[in-house]
Structure formats: structure tokens, C-alpha cells
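Visitor: A single structure is presented below for examination.
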Amino acid sequence: MIMSEEDTDTPWWWLILFLIIIAGQLAAASSSHSDKEVLLELKTFLQSNNPFHRGRYTEWNNCSSPCDWPGIFCSVNERVIGINLSNYDISGKLFGNFSSISELSELDLSENTIDGPIPEDFNRCKNLRYLNLSHNILQGELNLTGLISLETLDLTVNRFYGGIGLNFPALCNNMATLNLSMNNFSGSIDDCFKECWKLQHLDLSVNNFSGQVWLGFQRLREFSVSENNLAGEISSSIFTENCTLEILDLSENHFDGSIPKGVSNCKNLYFLILADNHFTGPTPLEIGTLPNLETLLLGKNRLSREIPESLLNLSRLTFLDYSWNDFRGDIQEIFGKFQQLQYLLLHGNYYTGGLTTSGILKLPNLLRLDLSINNFTGPLPIELSEMPRLKYLFLAFNQFNGSIPPEFGNFSAIQAIDVSFNRLTGKIPPTIGKLSSLLWLMLANNSLTGEIPHEIGNCNSLLWLNLANNRLSGTIPAEISNIAQNPTLTFESNRNSSKVPFDSGECMTMKRWIPTNYPPFNFVYYQLTMKNCRKIWDSLLKGYPMFPVCAPGSIVKTLQIIGYLQLAGNQLSGKLPPEIGKLHNFTLFHIGINNLSGELPPEIANMPLVVLDVSYNGFSGEIPSELGNVKCLENLDLSNNNFSGKFPASLNDLTELTKFNLSYNPLLSGIVSSIGQLSTFEINSFLGDPLLHVQNFMNGSRSSSSRSPRPLPKKKTRMNVFLWLLIGFSVGLVPSLIFFNTYPGNLLHNWPCLR
């Protein structure tokens, strides 16, 4: 082709540039289309694995740009760079084609129930800078060596196991934040992170790591290896003047020797936890030179009684824990000089005196005082009620005697009182009804007498009440049904606080305050690591829903904040007031081992009960058929009473029931069905009921003849629900698979647009 002179006026390179731009735009459009195809593939994958509960990914469709879809984030040229499907009700395996979204830099799949291993495809996501897979049930050994661009990796709360050495230093180039806490990792960490020069935040807590600690941690800002199996001494020399630590948590390991003095070189340190180790000797006076220190937890060690005066220089110190150091004798007077303290924990030291002479009862800013598990004697000090800001008072497991002072009704801000397991006598003072912010009242295992005061009904925040194992008498006042009618103001006050504290004894307190041997509270039992105890404590005090329960007549469980009422092991008599049905926030009601009589009021079925124990009383009349409407009832004990009349067939509708005892109600008659939930229980659920006809079962006859009772089997009644869900899943999945394999992909993607 011969170009004319006129043609040559336009430079040839403009034409080439134009073609390059057009080619780039076409490539970008093609890549964007490719991203869309992969995301629609992801949608199909998620829907096939989650036939019932689905997240907002169901809104993705072929009619719009992925940049307009929920959970999807794009660059200026409309390439997908971020996916956030956190808490989207995703279960099943991980999607195995994320690498096809070539510009993907951020991926968040946290707060779901994804299981199985991480697919090999993840290692091809070369541009991934942020990866959050926390709070799932992923497992397997960790291999993410291909993610060389990662800056943040969060795998908290999963089930990964094995060593982590394969991944480091491969992931060290850009890594700044790494959280592997609450898994099952094991092996050594002492040589993993020395080449991670950009690393600032490292959390390896709640695993099975062993051996020596990594000696380079002092160059980080945050380092936590709590609840592992690390051991050995920590040399003072590793803390240089260049130490940048702000948070250091070495708790719940096997470190020994002295607390390193060199930690005083970390001038930015505001959070120091060395609790639950084997440290010995004195507390280094050098710790008193840390200008920003707010929290110092040294509990559960073997430290000497001498507390250095230099700690009084810590003007910002608000939280001090010296629990479980076996100090004995009198409380050291230095503790009464920390005027700025808000939280003081001295439980488990077996102190015998110094409660008033130490001056701690005059600390003006104290919010929490824990003196439980000591050997204090004598009456409860009235001075406690004069502490102006005190919210949480723990005096359990001591030897206090005498009566509860009526002045305890003068606490202006109190939310929790625990004086259980002492030798207290006398009556519960009516002034207790003045405590409008009280959430917990723990008076169990004393020798208290008299009636439950009617005024207790004025405690409209009181959700957790335990008066068990005393010598209380008289009737249960109808006013008790008014407790916890409006705890909202207390919860809102806690939510508005700058922070709600935790302590090193949190799990111990949780197990005592939350009856973890009873459902639905027992679901938290295996979560009671130190880290989770802090979160559970925070959620409880702020009233956040956390326990799965259902309303009467419903089988649908929702998360709620719930309470309990424990009055067992007393000498209470008379009828149970029907007003008890007003306790709409209570799932545990235990009034066993008393002298109660009369009929069991049907109103009790208005409570969202999970546990009901009325055993060893004198209840008579018919068992309320309304109990069959409490669909989430799991534990029901009606044994050792005088119930009569026909056995209510409605109890067979309690499909969640795992513990059931009807023994020794000799006047009860009727037939127990051979099918349904009650057919899953053995003869020891029906002993001593001669008029009750129990059918023969495959594992032997269940007559009322004498035989050795067999232990209750561990029932898994939720298996019935699981089988139905599995059938439902299969019915829904098979047609969907046929559909997806029959029609072309483009037709599927465009189906919403064609309807």
C-alpha cells in the first residue's frame, strides 16, 4: 500500500497507540466478564452447599455488574478486587477457584461454618493481601506458601493442626498481622518469624505450641502466645532499648525462673500478662518504670509476698491481678495505696486477715474486687457497701459468718454480689430490693434462714439468682416473678462504658455463675478458654444474645440473653405461685429438694424452659399437659413427688428431651407410648410408678418390677432433626443438580433477566 503525502501528516505511532488502547479496553472488559463468570460459579457452589439458609450472594445475577453486588468490591476499571462474605450462613467446603479472579486482593469468609482443608487453589492467589478465614471449622495442615503478597492472615477459631514451619519464612515478605489463635497447631515457633521484618501483630494463643519462645518478639507491637505449652526461662537480655511492644501476653504456659527485669525497656507497654506460669521470686521493681502500663496480670505464679513500692509510680495502672500466688497471712498494705485502681484481683491467696487494715476497702475508684477463695472469717464488713463505684464483689469460698448486713442494700452501682460457699446465717435482708442494677445474686451454700423477702421482686435487673443449699423456709413469694423484668437500663449502661473488664479468673467465675452442667448454658463449657471467657463475660454484662432458646410452642431457636432461678436444697413449703410464668427470660428453674406442695401451676409452661427440676417435693394432682408445649425442654425431672391422675401424652411431643425422670410418683397412672421421644428412655426413668404402664422395648421389658436401674444413655435427640434436614437437603439438591447439568451456563446466568 502506497501512502499519500496527506496520509503521512498523522504520525504512525498514534495509530499504534490507539490500537493498544482499544486492545487494553477489550482485555479489561474480557477480564471483568471473566470475574463475573467466576462469581456466578461461586454463587452456584454456595447455593448447592447451603440449600436452606443463604446469604446475600443469592442477589448476584447476570443482569448487573458484579461491582453492584453485595459483598463485592471493584477497582476503577471494574475488576473485582475484594470479596466479603463474612457471616453469610456459608457451610460446606471452600470454593476452589478464587485464583481465577486474578486481581483479587482481599477475601473475607469469616464467621461461617466452612469445613475441610484449604484448597490448593488458594496458593495461586498471588495478589491476595488480606485473607480472613476466622471463626469457621476448617482443618488440616496449613500450606499457604504461594500467598507471597499477604499482609494480613487471620485463621482464628478453626481446627488446623500440625506445625507452621512450612509457611514461614515463605509468607514473611509483607506480613504485618498474623492471627493463628484458637486452633490445634503444634510444634516449635522459635525459628519461624525471624525473617518477618514487617510483622507487627502476632497472636498464636490457644494452641499446642511447645519448646522455647521466639526471642525476636520484642520488636513487635503485639505478641500473644497464651494457653500453649511453651517452657523455659525468658532472658532479660532479649528486651533491648529498641523494644516496641505495646501488648505482651505470655499467660498459661510453663515459663519459669524470674520475671525478666528487661521488660522495663518496653516503654510503650500498656498490657502485660504473665499469669498462670511458674515464675518465682520477687516482682521486678523495674516494672514500676513503665509509664503507660494500664494492665498488669501476675496471678497464678509462685511470686514472693513483697510487692515493690515502685509499682505505685504506675499512674495509669487500673487493673492489677496478684491472684493464686499463695501469699497467706494478711493482705499486704501496699494494695490499699493504689488509689487509681479500678480492678483488684487477690483471689486464691488463702489470706486470713487484713481485709480492713490493708485499706483496700477505701479505694475510691474500685469497680471490681475479687477476694474469693481465701480464709477470711468474721462478719461481712459493712465498709464494703460504702465503696462508691463498686460494681462486682466476689467473696465466695471463704469462712465469713454472721448475717448479711442490711447496709448491703446501699450499694449504689452494684451489679454482682457473690458470697456463696461461706458460713452465713440469718435472713436475707429486705434492703436487697433496693439494688436496681443487680444482675447476679449468688448466696448459695450458706446457712441462711427465714423467708425469701418479697422485696427481691424490686430487683428488676436480676437475671441470675442462686439461693440453693441454704435453710430458707416459708413460701416462694409471688413477687419473685418480677425480677429481671427490665434489665435493659443496666445493659445499656455497660454498653456505653468505655470498656468492660476481664480478669485472669474469668473462666473460674464463669463456671460458677453460668451453670455449665445444664443446657443451654453448657454449650459454652468447651469455649471457656481465657480468651473466650473475656468475650463471654463482656457479652453477658452488655446483654448481648448468646444462648439458643425458643419460645413456648415453637421449635425455632434464637439467640437470647437468659437467666436462671435456683432455689433447690432448702426448706421452702406451700404452693408454687402461678405468677412464676411471668419469668419470660428464664430457661433454668430448679426448685428440687424442698417441701413444696399443691398442684404444679400450668402457667409454668409460659417460661422458655430448657431445664425444669421439681424433684423431691410434695407436688400432687395431675402433671400439667401444657408442659408438652415447651418444645425446647431438654431436662425434665418430676421424680419423688405425689403426682396422680393420667400421665399426659403431650410429654411425648418434647422432641428435644434428653433427660427425663418420672420415678416414684406411685399414684400416677396411664400408658407411656412405645413410640416418640419418651420411648428413648430406660426403666430408671419410671421406677416406683406401679400404676404406670410402660411398653416393652427391644432392649428389655420396662415393667415396674424390681430390677437394678441402668444408667441413663447419652441421647442425641438432635439426630432426628439432622435426618430430616438431610432428607430435605437431598430432595432439594437432586433436582437442582439435574437442572444445572441440563441447561447451558449462559442460559442459567441470564435466567433472572429472561423471566
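The values are calculated or read from the model by the stated rules, or taken from the named source; none is laboratory data. From a predicted model like this one, the values you see are computed outputs, not experimental measurements. Ideal geometry is used to build each Cβ from the backbone, glycine not excepted, and the neighbour counts take in all protein chains shown. Only protein heavy atoms, including side chains, enter the accessible area calculation; ligands, DNA and RNA are left aside. Shrake-Rupley method; radii C 1.70, N 1.55, O 1.52, S 1.80 Å.
Visitor: I need a count of the residues in region 98-122 that are among the small types (Gly, Ala, Ser) and within 25 Å of the chain's Cα centre (by Cα).
Guide: 2
Visitor: Among the residues of region 226-237, which ones are over 10 Å from residue 212 (Cβ atoms), open to solvent by less than 30 Å² (accessible area, probe 1.4 Å) and at pLDDT 95 or above?
Guide: Once the filter is applied, which keeps residues that are over 10 Å from residue 212 (Cβ atoms), open to solvent by less than 30 Å² (accessible area, probe 1.4 Å) and at pLDDT 95 or above, region 226-237 yields only 228.
Visitor: May I ask you to verify whether residue 105 is open to solvent by less than 10 Å² (accessible area, probe 1.4 Å), out of contact with any helix residue (DSSP H, G or I) (no Cβ under 9 Å at 6 or more places or on another chain) and under 27 Å from residue 37 (Cα atoms)?
Guide: no
Visitor: A follow-up question, please. In region 622-637, what count of residues is obtained for those that are within 31 Å of the chain's Cα centre (by Cα) and open to solvent by 10 Å² or more (accessible area, probe 1.4 Å)?
Guide: Going through region 622-637 one residue at a time, the tally reaches 5.
Visitor: Additional query: Quick one: which of 82, 116 is farther than 24 Å from residue 177 by Cβ and either open to solvent by 40 Å² or more (accessible area, probe 1.4 Å) or not acidic (Asp, Glu) (or both)?
Guide: That would be 116, the only listed residue that is farther than 24 Å from residue 177 by Cβ and either open to solvent by 40 Å² or more (accessible area, probe 1.4 Å) or not acidic (Asp, Glu) (or both).
Visitor: Exactly one condition in (1) within 29 Å of the chain's Cα centre (by Cα); (2) over 22 Å from residue 275 (Cα atoms) is false for residue 371; which is it?
Guide: Failing condition for residue 371: (2).
Visitor: Given (1) open to solvent by 30 Å² or more (accessible area, probe 1.4 Å); (2) farther than 24 Å from residue 558 by Cα; (3) touching a helix residue (DSSP H, G or I) at 6+ places or on another chain (Cβ under 7 Å), where does residue 664 come up short, assuming only one miss?
Guide: (3)
Visitor: For residue 546, only one of the following conditions fails: (1) aliphatic (A, V, I, L, M); (2) over 28 Å from residue 496 (Cβ atoms); (3) free of Cβ contacts under 8 Å to residues at least 24 places away in the same chain; (4) open to solvent by less than 30 Å² (accessible area, probe 1.4 Å). What is its number?
Guide: Result: residue 546 fails condition (2) only.
Visitor: Within region 128-144, count every residue that is out of contact with any Lys or Arg (no Cβ under 7 Å at 6 or more places or on another chain) and under 18 Å from residue 183 (Cβ atoms).
Guide: The number of residues fulfilling the criteria is 11.
Visitor: Right, next: Would a scan of region 657-672 turn up a residue that is among the hydrophobic types (A, V, I, L, M, F, W, C), modelled with pLDDT under 95 and over 24 Å from residue 593 (Cβ atoms)?
Guide: Yes, there is a match, as at least one residue in region 657-672 is among the hydrophobic types (A, V, I, L, M, F, W, C), modelled with pLDDT under 95 and over 24 Å from residue 593 (Cβ atoms).
Visitor: Return the total of residues in region 238-257 being open to solvent by less than 20 Å² (accessible area, probe 1.4 Å) and out of contact with any strand residue (DSSP E or B) (no Cβ under 8 Å at 6 or more places or on another chain).
Guide: Summing the residues that are open to solvent by less than 20 Å² (accessible area, probe 1.4 Å) and out of contact with any strand residue (DSSP E or B) (no Cβ under 8 Å at 6 or more places or on another chain) in region 238-257 gives 2.
Visitor: Among the numbered conditions (1) outside any loop (DSSP other than H, G, I, E, B); (2) closer than 21 Å to residue 375 by Cα, tell me where residue 311 comes up short.
Guide: The single condition residue 311 does not satisfy is (2).
Visitor: Let me ask another. Has region 454-464 got any residue that is modelled with pLDDT of 95 or more, among the β-branched types (Val, Ile, Thr), closer than 28 Å to residue 592 by Cα and open to solvent by 10 Å² or more (accessible area, probe 1.4 Å)?
Guide: No: region 454-464 contains no residue that is modelled with pLDDT of 95 or more, among the β-branched types (Val, Ile, Thr), closer than 28 Å to residue 592 by Cα and open to solvent by 10 Å² or more (accessible area, probe 1.4 Å).
Visitor: Next up: If I filter region 391-439 down to residues being out of contact with any Lys or Arg (no Cβ under 9 Å at 6 or more places or on another chain) and of a type in the set (Lys, Arg), which single residue comes out as farthest from residue 360 (Cα to Cα)?
Guide: 427
Visitor: Now a separate question. Filter region 211-225 down to residues that are crowded, with 18+ Cβ neighbours inside 10 Å and in a strand (DSSP E or B), then give me how many there are.
Guide: Residues flagged as crowded, with 18+ Cβ neighbours inside 10 Å and in a strand (DSSP E or B) within region 211-225 amount to 3.
Quick grid of which residues meet (1) under 22 Å from residue 575 (Cβ atoms); (2) in contact with a Phe, Trp or Tyr (Cβ under 6 Å, 6 or more places away or on another chain); (3) open to solvent by less than 30 Å² (accessible area, probe 1.4 Å); (4) free of Cβ contacts under 8 Å to residues at least 12 places away in the same chain:
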{"position": "605", "(1), (2), (3), (4)": "yes, no, yes, no"}
{"position": "608", "(1), (2), (3), (4)": "no, no, yes, no"}
{"position": "620", "(1), (2), (3), (4)": "yes, no, no, no"}
{"position": "639", "(1), (2), (3), (4)": "yes, yes, yes, no"}
{"position": "656", "(1), (2), (3), (4)": "no, no, yes, no"}
{"position": "670", "(1), (2), (3), (4)": "no, yes, yes, no"}
{"position": "680", "(1), (2), (3), (4)": "no, no, no, no"}
{"position": "685", "(1), (2), (3), (4)": "no, yes, yes, no"}
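Visitor: From 409, 426, grab the single residue that is of a type outside the set (Val, Ile, Thr), open to solvent by less than 60 Å² (accessible area, probe 1.4 Å) and assigned to a loop (DSSP other than H, G, I, E, B).
Guide: On inspection, the qualifying residue turns out to be 426.
Visitor: If residue 43 satisfies all but one of (1) at negative phi; (2) touching a residue at least 24 places away in the same chain (Cβ under 8 Å); (3) outside any loop (DSSP other than H, G, I, E, B), what's the number of the condition it fails?
Guide: Looking at each condition in turn, residue 43 falls short on (2).
Visitor: Further, regarding this structure: With a cut-off of at least 3 residues that are under 26 Å from residue 368 (Cβ atoms) and not hydroxyl-bearing (Ser, Thr, Tyr), name the strands (runs of 3 or more DSSP E) lying wholly within region 241-298.
Guide: Filter on region 241-298 gives 247-249, 271-273.
Visitor: How about region 91-136: which of its residues are assigned to a loop (DSSP other than H, G, I, E, B) and among the charged types (D, E, K, R)?
Guide: Listed by number, the residues that qualify are 93, 103, 111, 126, 129.
Visitor: Right, another one. Which one of these is aromatic (Phe, Trp, Tyr), on the phi < 0 side of the Ramachandran plot and within 31 Å of the chain's Cα centre (by Cα): 681, 660, 643?
Guide: 660
Visitor: On to the next question. Taking the condition of being within 25 Å of residue 266 (Cα to Cα) and either open to solvent by 70 Å² or more (accessible area, probe 1.4 Å) or touching a helix residue (DSSP H, G or I) at 6+ places or on another chain (Cβ under 9 Å) (or both), how many residues in region 306-326 meet it?
Guide: 14
Each row is one residue, and each column tells you yes or no for (1) within 21 Å of residue 143 (Cβ to Cβ); (2) open to solvent by 40 Å² or more (accessible area, probe 1.4 Å); (3) in contact (Cβ under 8 Å) with a residue 24 or more places away in the chain.
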residue: 71; (1), (2), (3): no, no, no
residue: 89; (1), (2), (3): no, yes, yes
residue: 95; (1), (2), (3): yes, no, yes
residue: 111; (1), (2), (3): no, yes, yes
residue: 125; (1), (2), (3): yes, no, yes
